[in-house]
Amino acid sequence: MPEENQKTELKNQRLDPHDPFVLDAHRLARRPGSMLKVVRTVPAPADLGLEVIGVPEGADVELNLKLEAVVEGVLVSGTARAPLAGECVRCLDPLTDEVEVDFAELFVAPGNDGDDETLWLQDDLIDLEPVVRDAVVLTLPLQPLCEEDCPGLCAQCGAVLRDDPDHDHSEVDPRWAALEGLVSTDEQPDD
Ligand SMILES: [Zn+2]
Ligand SMILES: [Zn+2]
């Protein structure tokens with residue numbers, strides 16, 4: 001934890017205006033009511049996602065943003081779109097997808113009230129990376145599937161059942177076979 005705090009502090013010390021996730025709001029920060037649209041494509045940072053699915057590092061993240069000057073600071077709203085790569089939790093096949101998230105966050109100008117959760121304008125710069133990261137991570141499926149009804153793997157031999165729908169281990173114990181016969185008789189429709 002202390003290490004994490006240190007990192008955050010370091011990051012908060014000074015934003016790099018050339019970082020693609022950093023927006024420069026000084027053109028509008030002091031004029032409530034003014035607005036700026038920003039459309040840019042930025043490379044995904046590392047670890048943008050969960051262990052099972054996420055945005056590949058360096059992939060294009062399309063940002064479509066609106067920055068509005070308000071009394072307390074700058075309101076940033078918009079969308080981020082990015083490709084996803086992951087693994088189906090049932091059959092373990094690689095899968096690709098796309099994520100699109102909406103967000104709206106207020107970046108507060110120094111001198112206003114704030115708390116631990118407050119996102120601050122720093123020298124009129126806005127660090128959008130944590131905002132995009134939170135929005136993306138919250139949207140991702142915890143159990144990604146290659147398709148909704150992926151049958152997964154055979155519990156006995158690990159075969160991928162989607163590729164082999166007739167997959168069957170027919171050497172059933174004769175006692176079980178007898179029971180199966182009973183069950184299917186019971187389930188005969190009445191008509
Ligand atoms: Zn699957
Ligand atoms: Zn099998």
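Out of (1) away from ligand 2 (no atom under 16 Å from the Cβ); (2) out of contact with any Asp or Glu (no Cβ under 6 Å at 6 or more places or on another chain); (3) modelled with pLDDT of 90 or more, the odd one out for A177 is which?
Failing condition for A177: (3).
Can P83 be described as touching a Pro at 6+ places or on another chain (Cβ under 9 Å) and either without any contact (Cβ under 8 Å) to a residue 40 or more places away in the chain or of a type in the set (S, T, Y) (or both)?
yes
Being modelled with pLDDT of 95 or more and open to solvent by less than 60 Å² (accessible area, probe 1.4 Å) narrows it down to one residue among L15, L23, L48, L36; which is it? Steps first, answer last, please.
Values: L15 fails: modelled with pLDDT of 95 or more; L23 fails: modelled with pLDDT of 95 or more; L36 fails: modelled with pLDDT of 95 or more.
On inspection, the qualifying residue turns out to be L48.
Any chance you could count how many residues in the range 27-40 are free of Cβ contacts under 8 Å to residues at least 40 places away in the same chain and either farther than 23 Å from W120 by Cα or in a loop (DSSP other than H, G, I, E, B) (or both)?
Summing the residues that are free of Cβ contacts under 8 Å to residues at least 40 places away in the same chain and either farther than 23 Å from W120 by Cα or in a loop (DSSP other than H, G, I, E, B) (or both) in the range 27-40 gives 6.
Those residues that are open to solvent by less than 40 Å² (accessible area, probe 1.4 Å), among the aliphatic types (A, V, I, L, M) and either within 12 Å of ligand 1 (Cβ to nearest atom) or in a helix (DSSP H, G or I) (or both), I need them from the range 123-159; list them, please.
V131, V132, A135, V136
Can you give me the number of residues within the range 102-147 that are without any contact (Cβ under 8 Å) to a residue 60 or more places away in the chain, within 30 Å of D163 (Cα to Cα) and not charged (D, E, K, R)?
In the first step, residues of the range 102-147 are kept if they are without any contact (Cβ under 8 Å) to a residue 60 or more places away in the chain; the result is 102-106, 108, 110-119, 130-131, 134-135, 138-139, 145-147.
Checking which are within 30 Å of D163 (Cα to Cα) leaves us with 139, 145-147.
Next, only the ones that are not charged (D, E, K, R) stay: 139, 145-146.
Counting residues in the range 102-147 that are without any contact (Cβ under 8 Å) to a residue 60 or more places away in the chain, within 30 Å of D163 (Cα to Cα) and not charged (D, E, K, R) gives 3.
Considering only the range 46-104, state which residues are farther than 20 Å from E147 by Cα and touching an Asp or Glu at 6+ places or on another chain (Cβ under 6 Å).
Hits for the range 46-104 are A46, L75, V76, T79, R81.
Grab the strands (runs of 3 or more DSSP E) fully contained in the range 45-122, keeping just those with 2 or more residues being touching a Lys or Arg at 6+ places or on another chain (Cβ under 9 Å). Let's see the steps before the verdict.
Numbers: elements: 53-55, 60-70, 73-87, 94-108.
In the range 45-122, the matching strands (runs of 3 or more DSSP E) lie at 60-70, 73-87, 94-108.
Using the structure shown, decide if V89 is of a type in the set (A, V, I, L, M), touching a strand residue (DSSP E or B) at 6+ places or on another chain (Cβ under 6 Å) and under 21 Å from L138 (Cα atoms). Walk me through it before giving the result.
Details: of a type in the set (A, V, I, L, M): yes; touching a strand residue (DSSP E or B) at 6+ places or on another chain (Cβ under 6 Å): no; under 21 Å from L138 (Cα atoms): yes.
Spelling it out, it is not the case that V89 is of a type in the set (A, V, I, L, M), touching a strand residue (DSSP E or B) at 6+ places or on another chain (Cβ under 6 Å) and under 21 Å from L138 (Cα atoms).
Considering only the range 115-152, state which residues are closer than 26 Å to P56 by Cα and within 16 Å of ligand 2 (Cβ to nearest atom).
Those that are closer than 26 Å to P56 by Cα and within 16 Å of ligand 2 (Cβ to nearest atom): C150, G152.
The values are calculated or read from the model by the stated rules, or taken from the named source; none is laboratory data. None of the values given here were measured: they were computed from a predicted structure. Here Cβ is always computed from backbone atoms with ideal geometry, including for glycine, and neighbour counts include all displayed protein chains. Accessible surface areas use protein heavy atoms only, side chains included; no ligands, DNA or RNA. Shrake-Rupley method; radii C 1.70, N 1.55, O 1.52, S 1.80 Å.
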